[in-house]
1. Considering only strands (runs of 3 or more DSSP E) fully contained in the range A:407-478, which possess at least 1 residues that are at negative phi and charged (D, E, K, R)?
2. Restricting to the range A:240-260, name every residue that is within 22 Å of A:Lys199 (Cβ to Cβ) and not hydrophobic (A, V, I, L, M, F, W, C).
3. Identify, please: which residue in the range A:11-33 is of a type in the set (S, T, N, Q) and touching a residue at least 60 places away in the same chain (Cβ under 8 Å) and is, among those, nearest to A:Pro219 (Cα to Cα)?
4. Out of contact with any helix residue (DSSP H, G or I) (no Cβ under 6 Å at 6 or more places or on another chain) and within 30 Å of A:Trp136 (Cα to Cα): does that describe A:Ile296?
5. Is it the case that the range A:76-87 has a residue that's within 16 Å of RNA strand B (Cβ to nearest atom) and in the same structural domain as A:Gln135 (by TED's automatic domain parsing)?
6. Looking for whichever is within 16 Å of RNA strand B (Cβ to nearest atom), assigned by TED's automatic domain parsing to the domain that holds A:Met261 and in contact with a strand residue (DSSP E or B) (Cβ under 9 Å, 6 or more places away or on another chain) here; the options are A:Met27, A:Met49. Which one fits?
7. Since A:Val22 meets every condition but one in (1) of a type in the set (A, V, I, L, M, F, W, C); (2) in contact with an Asp or Glu (Cβ under 7 Å, 6 or more places away or on another chain); (3) not in a helix (DSSP H, G or I), which condition does it not meet?
8. Give me the residue from the range A:308-337 that is near RNA strand B (Cβ under 8 Å from one of its atoms) and either in contact (Cβ under 8 Å) with a residue 40 or more places away in the chain or among the hydroxyl-bearing types (Ser, Thr, Tyr) (or both) and, out of that set, surrounded by the most Cβ atoms within 10 Å (Cβ to Cβ).
Amino acid sequence: MVEPLKTRKRDDITQWYNEVLVASEAMDFSGVKGFPVYRPYGYFMWEVMQKALDEEIKKRNVKNAYFPLLIPESTLSKEKEHIKGFNPEVAWVTLGGEKQLEEKLAIRPTSETIMYESYSKWIKSYRDLPILINQWNNVVRWETKETRLLLRGREVLWQEGHCAFETEKEAESNAREMGLVYKKIMEEVLAVPVLFGKKSESEKFAGAVSTYTVEAILPNNFMSQAGTSHYLGENFARPFDIKYLDRDNKWRFVQQTSWGMAMRALGIMIMVYGDDKGLVLPPAVAPIQVVIIPIIKGGDSEKLLEYVKKVEKLLVGEGIRVLLDDRIEYSPGWKFNEYDLKGVPIKLEIGERELASGSVTLKFRWSGAKKTIKLNSLQSLKDVLKSIQKDMLEASKKASEDRIVQIKDREGFVSALKGEKNVAKAAWCGRIECEEEIKQATGATSRLILLDKEKLISDVCVFCGRKAENNAVFAKSY
RNA sequence: GGGGUGGUGAUCUAGCUUGGUAUGAUGCUAGCUUCGGGGGUUAGUUGUCCUGGGUUCAAAUCCCAGCCACCCCA
């Protein structure tokens, strides 16, 4: 049973966000902080996303596998930077029944370590490479700060891919390619435009040489990371002793990558598109793409229902996810509101008027437009859904570009990030100390370093005035 | 790490200052009537008032301790 939203998006976006997810029956809270329930409506969207991403992964000859949930402490701590980064948020199993365990077991915060123990056993020759493995699983990171539905939970549903190669070049290009796959999923499935780039030294993954990231701009001008792909170099190969005999009979360490995308992507999409009436779903992920709402007046409803069922059959035949809501206990007005809340892209209203003229009335969730078309042009609905998807992406691409302010001077940089919560693009030195000072001064951090070989915005760092090394985008992180 | 708000039928909520039979709405079940943007009505239905302790003849209410959730700030 759905309830109207109490909070407007622009008044309090976090409150609105919780309300819209719960009210639309996508998600619900459980009794445990950071461990929400994915209701069928929400989980369906995850499945759509998962399927699309899984296909991309398999296209690249990466195979799915599954590794254990629990990781011995000794294994988890093998790579120093890695354990240092994750230790504060690891959940531990210390009891088996009533017996204290000899060695405590971590609930995986990510699976590098346990997978690489295996890789070490499996890889002996250059002929064993590359190893291309992905797993769909859940990980636990014990966030002590606030948690958010989808965006930041203690339990995270995601995939993690772990590949090992002979050469740095192969590994680097795999890391980069997977980052671009994430961009594709965000844009083509979720219709959310993202920026692609590299993480700074202090923002990169614990244990990585470098991290590629895709980041979306949220309506409140915070930026959120939608997926990351790491080039690990030999950082894990050395402590885990993953080496092979090369063609010239020499032992070499493998070059590794790991990459992951989580259900957070869905949260970003909801933040970007939802409005005061509820979710607004891009057709590609919408569990219901078209809902048919018959306007039943007393009298002869049999003919109308027959007509409506014909429409339903036609759309099902087109491969459209369609729902016929012919419940008589709810009024049409009630249903309109319900499906607005659930973000259904197209509502089909069919009453006596449409029956008489052999037509249907379409109401579009995203644009708000309404139009009546003849029954015989109904097959085109599939294309209409596609064009909605495209229009949504185009519109938010433009909106997100408009949010990025290019800045050259320190004062403007600080005030933009601090006051108006803007997203600032500027030339930067890339130093850890400089980033720390920027954070102190503005609350924002570098979200990504742009890769495009475009000209530096300035020769000097926007903040510290030293030599600029790259163009970077700064914003608060959500 | 610091702070704020809150926990009462399935859901939201009143009651708490000033202790004394648990308030209203929503939902749910069964009708009737409605139906082109959340309609009306009749009957029925639901409570460890977060937990533990204390004060008291009597605690949802006062006191102490704890748990949990949501939010904000660093």
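The values are calculated or read from the model by the stated rules, or taken from the named source; none is laboratory data. Treat the numbers as computed from the prediction; the structure is a model and nothing was measured. Counting neighbours? That spans all protein chains shown, and the Cβs are built from the backbone with ideal geometry, glycine included.
1. Output list reads A:423-428, A:445-450.
2. The answer is A:Gln255, A:Gln256, A:Thr257, A:Ser258, A:Gly260.
3. The extreme case among them is A:Thr14.
4. When the stated conditions are applied, A:Ile296 does not pass them.
5. yes
6. None of the other options fit; the residue is A:Met27.
7. (3)
8. Ranking the candidates gives A:Lys335 first.
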